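Before any comments, here is the structure.
Only the coordinates and a few stated rules stand behind these numbers; no lab work does. Values in this document were obtained by computation on a predicted structure and should not be read as measured data. In this analysis, Cβ positions are derived from the backbone assuming ideal geometry, glycine residues included, and neighbour counts consider all displayed protein chains.
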Amino acid sequence: MKRSIGVKEILFPNPMCVVGAYDEAGKANMAAIAWAGIVASVPPSVGISVRPSRYTHVCIKRRGAFTISVPSLHYLKEADYFGLASGRDADKLAVTGLTAVRGAFVDAPYIEEFPYVLECAVTHSIEIGSHTLFVGEVKDARADAELFDEQGHVDWAAGQIVCYDMSANSYYSVGENVGKAFSVGAGFLQKGGA
Ligand SMILES: Cc1cc2nc3c(=O)[nH]c(=O)nc-3n(C[C@H](O)[C@H](O)[C@H](O)COP(=O)(O)O)c2cc1C
């Protein structure tokens, strides 16, 4: 038997994401945006859902670009603060002391101290009720060099990203690697599962 729950209790966990954009005056602003995800592989694209009331919304509309910086556990408090204050009222980067770096490929800033960064150029803006879905073509994706293993793969756990449970409004750290994708289920293929 199953009981009814909300969508946000199922499509979880989400990595905690911080979206960066410049305002009209050129001030770098950051906001916590949990509603984010990959939406296409060709061209590589991500989507973020932003309420029109957010300062970030105005900034992205004007500049047509945004970044996603994914924090490590070490910067959880700073990332949470980016979701508590508005860039209309505060210079959030000055308050946290984090470093905003101009994107090399798009007109938007990212956070140097966070281990993962995507630079995105807006290709679509879709109004969906409460939120605007900004789709951004990924112009660059980078991770801190020390996170790569000898084979050139990113050691995801080493980045210590944080997941956000929007149902309980809580953050979770990410645990151990529990198996290889496209592989741990392969035993069923041998059992006649095609
Ligand atoms: C964990 C977390 C996740 C959030 N996710 C979103 C989101 O997906 N979309 C959104 O519009 N606001 C989201 N917010 C709220 C904004 O981050 C918040 O309103 C912020 O103050 C906006 O900053 P800005 O006005 O400088 O853009 C989230 C806040 C937190 C703490």
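Details
- Per residue Cα convex hull volume in Å³ - calculated over the stretch 115-157: 96 Å³
- Choice from Thr56, Thr123, Thr67 showing the highest fluctuation, given a GNM over the chain with Cα pairs closer than 10 Å: Thr123
- Size estimate for the stretch 7-190 follows the Kirkwood approach: the inverse of mean 1/r over distinct Cα pairs works out to 17.1 Å.
- Each other residue within a Cβ distance under 11 Å of Tyr164 adds +1 if Lys or Arg and -1 if Asp or Glu, for a net charge of -1.
- Pairwise centroid distance, computed over Cα atoms, of the stretch 33-67 with the stretch 118-194, Å: 16 Å
- Across Lys27/Lys139; Lys27/Lys77; Lys8/Lys139; Lys61/Lys92, pairs whose alpha-carbon gap is larger than 25 Å: Lys8/Lys139
- Amide H contacts of Gly83 (H built 1.01 Å from N, under 5 Å, at least 5 apart or other chain): Ala32
- For Glu113, distant residues with modelled amide H under 5 Å away: Thr99
- Max mean-square fluctuation residue, GNM over the chain, Cα-Cα springs under 10 Å, options Lys92, Lys77, Lys180: Lys180
- Extension gain from Asp23 to Lys8, taking 0.36 nm per residue of separation minus the Cα-Cα distance: 2.4 nm
- Our estimate of slack between Phe148 and Val42, defined as 0.36 nm per intervening residue step minus the Cα-Cα distance, is 35.7 nm.
- Taking 12 Å as the cut-off, the amide N atoms of the stretch 37-69 that come nearer than this to a point 7 Å along the Cα-to-beta-carbon line of Ser130 belong to 50-52.
- Note, ³J(HN,Hα) from phi for the stretch 14-19, Karplus 6.51, -1.76, 1.60, rounded to Hz, x at Gly and Pro: 10, x, 5, 10, 10, 9
- Mean ellipticity per residue at 222 nm, deg cm²/dmol - from DSSP H runs of n ≥ 4 across the chain, formula -39500 (n - 2.57): -3000 deg cm²/dmol
- In Hz, Karplus ³J(HN,Hα) per residue of the stretch 71-80 (6.51, -1.76, 1.60; θ = phi - 60°; x = Gly, Pro): x, 8, 3, 4, 10, 4, 5, 5, 5, 5
- In sequence order, the stretch 111-128 has phi-based couplings of 9, 4, 6, 7, x, 10, 9, 10, 10, 10, 9, 5, 10, 9, 10, 10, 7, 10 Hz under the Karplus curve 6.51 cos²θ - 1.76 cosθ + 1.60, θ = phi - 60°, and Gly or Pro positions carry x.
- Since only Val58, Phe148, Pro15 are under comparison, the one whose Cα sits farthest along the positive direction of the charge dipole of the chain, derived from C-beta charges on Lys, Arg, Asp and Glu, is Val58.
- Less than 5 angstrom separates the built amide H of Phe105 from none of the residues sequence-distant by 5 or more or on a different chain.
- Peptides 105-112, 34-41, 167-174 ranked from most to least packed by the mean count of surrounding Cβ atoms within 10 Å: 105-112, 34-41, 167-174.
- Unit charges at the beta carbon, dipole of the stretch 7-190: most positive-side option, Ser130, Ala25, Ala79: Ser130
- Residues considered: Glu127, Glu176, Glu119. Largest GNM mean-square fluctuation over the chain, using C-alpha springs under 10 Å, is found at Glu176.
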